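Below is one structure, written out as structure tokens, with a few remarks after it.
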Amino acid sequence: LPLHYIQAWVRNRTRKKWLQLFLSFEAPEKSDDDFLGKIEVDLAPLLRIAGPNPRLEIGPCELEGVISGTIQLALFAGGGGDTPRDADNESDGGDFLDDGSTSTDAESQSAGLAKSTAPNTQICTDPSNLQEIMEHSPGWQADGSFVFGVHLICAKDLIPMDETGTSDPFAKISIDGQMEQESAVVAETLHPHWDEKFFFHVNTEEMSIEHAKVMVELFDKDF
């Protein structure tokens, strides 16, 4: 065959391959889910709770980045988190500490509207005892990693994003922007109730749990 026929065949073949590649390329989907607010919670206060079932209640507290909405959740160490609220602890304002303050007061100062409600627990205020408390926490594993959970309870007075005057809220939960997990979508409501638990297994060699932050972001699901 003449050389120019071969060259033309190669050019057409190349164009065809590029066209097939272009048509098969799928751009990443762009999320149209509307932002409904967020909250960041320090993990450190949970590490200071001594006892067999460390649990830290958060909220209800206002969501950041929006004009309306509150959220309620809890953090707990280990694989538990089912410890019920203790009526006596609730009535007397929390467990008393050595300085006469209560666990409710101590946590309200360090983490905003956060308190320990698990019975037989105490907030550690002595740095010299903190390491010992952390080592005896049920969250610590034999390999040196730390397991804890987030109990997503509910939210209220969220912003309506749909034409019906409601939203379809769901949550994205992450630790320092990593290990993201998603909750179920609660359709057509401004007051979602999840009662879902999410567990995180943290490699302490890669992440400092004493400085880690739990991020909970709420969105309106666009179906």
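Just so you know, all these numbers are worked out from the coordinates, no wet-lab data involved. Small disclaimer: the values here were computed from a predicted structure and weren't measured. Cβ placement follows ideal geometry from the backbone for every residue including glycine, while neighbour counts extend to all protein chains displayed.
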Other residues with Cβ under 12 Å from the Cβ of F148 give, with Lys and Arg +1 and Asp and Glu -1, a net charge of +2
Could you go through segment 172-179 in sequence order and give the Karplus-derived ³J(HN,Hα) for each residue, using 6.51 cos²θ - 1.76 cosθ + 1.60 with θ = phi - 60°, rounded to whole Hz, and x for Gly and Pro?
10, 10, 9, 10, 6, x, 10, 6
Sort 203-209, 72-78 for me by packing, meaning the mean count of neighbouring Cβ atoms within 10 Å per residue, highest on top.
72-78, 203-209
For F223 and T164, calculate 0.36 nm times their separation in residues minus their Cα-Cα distance, and state this gained length in nm to one decimal.
19.8 nm
The long-range amide H neighbours of I159, using H built 1.01 Å from N in the peptide plane and a cut-off of under 5 Å, are none
Zone of K172's modelled label, taken as backbone nitrogen in segment 205-223 under 14 Å from a point 7 Å along Cα→Cβ
215-222
Quickly rank 139-151, 38-50 as a protection proxy: mean count of other C-beta atoms within 10 Å, highest first.
38-50, 139-151
